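Visitor: Pasting a structure here, questions to come.
The values are calculated or read from the model by the stated rules, or taken from the named source; none is laboratory data. This structure is a prediction, so every number in the text was calculated from the model and none was measured. Note: ideal-geometry Cβ built from the backbone for every residue, glycine included; neighbour counts use all protein chains shown.
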Amino acid sequence: MIKHLKPKSEFGRNVLTLMTGTTIAQAIPIAISPILTRIYTPEDFGVFALIMGISTIISVAATGRYEHAIMLPKKIGEAVNIVVLSILLVIFVSIAALLGIMIFNVEITALLGSPEISKLLYFVPCSIFLTGMYRSFSYWSIRKKQYKALAFNRVSQTGTTAVTNVTLGMGGLGNIGLLWGTLAGQGVATIRLGAIILRNDRASFNKVQKSKIYILAKRYVNFPKFDILASLLNVGSQQIVPILFNLLFSSLMAGYYFFVVKILNLPAMIVSRAVSDVFKEKASKDYNELGSAKVIYLLTLKRLFLIGVFPAIAAFFFIADLFVIIFGHNWIISGQFAQILIPMIFLRFVVSPLTYIFYIASKQNINLIGQFFLFAFTLLSFYCGYEASDPFITVTLISVLYSMFYIVNLYLSYRLCDVNS
């Protein structure tokens, strides 16, 4: 009976494998969220969002975006050299970030208007290193179709983060507990995935050559040339939000916003991330071998839409009250933010996995233009909200303008599904 319930296609089986791991992985932070909101304050989440926002923005450029190129070469030997290229760049950027924080610590804290985060800034280079290494390892694992390893790894990461967060939070460490929890989870996931790769693919990595790394760096130069700036703008548009909330409103408002986005994104990521990882491998293969990824694109679009539309409608009407019931009355503003952001979260859930077509079709320049608009939308949203001294105006504009952006991205990515488009 169970065998009949399993998907027959390889795509479906791979998605199910990743989705199972991702479901468990994301269920852990969802389950402990009511605990975290009672041992950490909104201000703790606001400071945590500020530090992780800085880390995430820099992490985007740490690999030169070459990790996305790991999926593209037909020869496994070329892919290995790209993995090493990505790792070398991560090491360089992490060391540079550490030196920058050591030298300009006072200036950075003054710029951010938060002198109390001086020591917390040293979490940034650690997070950059672990994030970049994990990305390089995970893209290699996706290419090798090691979906079970990825699924288990996600569970170990969120489980470690959850245990550390609760333990340190009950010890009264505040925002430091949140930061150490994140680093612990990242560290466990990176070390474990690296060990698996070292055990299974040592022979492949022994064939790495400096000359090939240089050649491949030039061949896929469009990734650092166009995609670094595009990704910085994309991630910056998201991560600059808690930073600007801290600067223009308060760490309290930053905490409300960060927490609601975290909670809304968790269930969306259960399916979206699993589908995205498998879609990358399948779409890349179809595009290179068949000249078109349109069939898998439309199939993925249909599945994501049907999975997300009804929960999104239900959440729009009930989520504000649920936030108060589950997380406590102190988080009522987060519930109100959540209702406003539901349309944007739904469209991001449907569209984001499909935009990998930009990389497959080598159209990073188009993506770059789009990210300029997204970043401008973010700044415009904060300008209007700050002028009116109303953070709700900012959140509403973010939801509306981002939704428009995702709709345009859906149209453009579909047009690029064919080689000759």
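Visitor: Listed residues Leu322, Leu299; which is surrounded by fewer than 18 Cβ atoms within 10 Å (Cβ to Cβ), under 22 Å from Leu150 (Cβ atoms) and at pLDDT 85 or above?
Guide: Leu299 is the lone residue from the list that is surrounded by fewer than 18 Cβ atoms within 10 Å (Cβ to Cβ), under 22 Å from Leu150 (Cβ atoms) and at pLDDT 85 or above.
Visitor: Return the only residue of Ile307, Ile332 being of a type in the set (A, V, I, L, M, F, W, C), buried (at least 16 other Cβ atoms within 10 Å of the Cβ) and in a helix (DSSP H, G or I).
Guide: Ile307
Visitor: Any idea which of Gly187, Gly169, Gly194 is in a helix (DSSP H, G or I) and surrounded by 22 or more Cβ atoms within 10 Å (Cβ to Cβ)?
Guide: It is Gly169.
Visitor: A further question follows. Does Ile95 satisfy the condition of being closer than 20 Å to Trp180 by Cα and among the β-branched types (Val, Ile, Thr)?
Guide: Here the answer is yes, as Ile95 does meet what is asked.
Visitor: In the list Val324, Val275, Val295, Val350, which residue meets the criterion of being closer than 23 Å to Cys417 by Cβ, of a type in the set (A, V, I, L, M) and without any contact (Cβ under 8 Å) to a residue 60 or more places away in the chain?
Guide: From the options Val324, Val275, Val295, Val350, the qualifying one is Val295.
Visitor: Just one of the numbered conditions (1) closer than 21 Å to Gly255 by Cα; (2) of a type outside the set (Lys, Arg); (3) at pLDDT below 60 is not true of His4; which one?
Guide: (1)
Visitor: Can you give me the number of residues within the stretch 108-153 that are polar (S, T, N, Q), more than 30 Å from Ser204 (Cβ to Cβ) and part of a helix (DSSP H, G or I)?
Guide: 1
Visitor: One residue is enough: does the stretch 287-296 have a residue meeting the conditions out of contact with any strand residue (DSSP E or B) (no Cβ under 9 Å at 6 or more places or on another chain), closer than 30 Å to Pro42 by Cβ, surrounded by fewer than 21 Cβ atoms within 10 Å (Cβ to Cβ) and of a type in the set (Asp, Glu)?
Guide: For the stretch 287-296, residues out of contact with any strand residue (DSSP E or B) (no Cβ under 9 Å at 6 or more places or on another chain), closer than 30 Å to Pro42 by Cβ, surrounded by fewer than 21 Cβ atoms within 10 Å (Cβ to Cβ) and of a type in the set (Asp, Glu): absent.
Visitor: Restricting to the stretch 352-384, what's the tally of residues that are within 18 Å of the chain's Cα centre (by Cα) and within 24 Å of Phe259 (Cβ to Cβ)?
Guide: 4
Visitor: Residues being surrounded by fewer than 22 Cβ atoms within 10 Å (Cβ to Cβ) and either in contact with a Pro (Cβ under 6 Å, 6 or more places away or on another chain) or without any contact (Cβ under 8 Å) to a residue 12 or more places away in the chain (or both): count how many of those fall in the stretch 89-137.
Guide: Qualifying residue count, the stretch 89-137: 14.
Visitor: A further question on this structure: Taking into account only those residues within the stretch 201-211 that are in a helix (DSSP H, G or I) and among the polar types (S, T, N, Q), which is modelled with the highest pLDDT?
Guide: The extreme case among them is Ser211.
Visitor: Then there is this: Kindly provide the set of residues from the stretch 138-166 that are free of Cβ contacts under 8 Å to residues at least 60 places away in the same chain, touching a Leu at 6+ places or on another chain (Cβ under 9 Å) and under 24 Å from Tyr122 (Cα atoms), ordered by number.
Guide: Thr164 - this is the single residue of the stretch 138-166 that is free of Cβ contacts under 8 Å to residues at least 60 places away in the same chain, touching a Leu at 6+ places or on another chain (Cβ under 9 Å) and under 24 Å from Tyr122 (Cα atoms).
Visitor: Mind checking which residues of the stretch 172-182 are in a helix (DSSP H, G or I) and either buried (at least 20 other Cβ atoms within 10 Å of the Cβ) or not hydrophobic (A, V, I, L, M, F, W, C) (or both)?
Guide: Within the stretch 172-182, Asn175, Gly177, Leu178, Leu179, Gly181, Thr182 meet the criteria.
Visitor: Also, quick follow-up: Quick one: which of Tyr214, Tyr256 is touching a residue at least 40 places away in the same chain (Cβ under 8 Å), part of a helix (DSSP H, G or I) and among the aromatic types (Phe, Trp, Tyr)?
Guide: Tyr256
Visitor: Name the one entry in Val106, Val90 that is closer than 30 Å to Lys212 by Cα and of a type in the set (A, V, I, L, M).
Guide: So the residue among Val106, Val90 that is closer than 30 Å to Lys212 by Cα and of a type in the set (A, V, I, L, M) is Val90.
Visitor: Among residues belonging to the stretch 385-409 that are part of a helix (DSSP H, G or I) and surrounded by fewer than 16 Cβ atoms within 10 Å (Cβ to Cβ), point out the one that is farthest from the chain's Cα centre (by Cα).
Guide: The qualifying residue farthest from the chain's Cα centre (by Cα) is Glu387.
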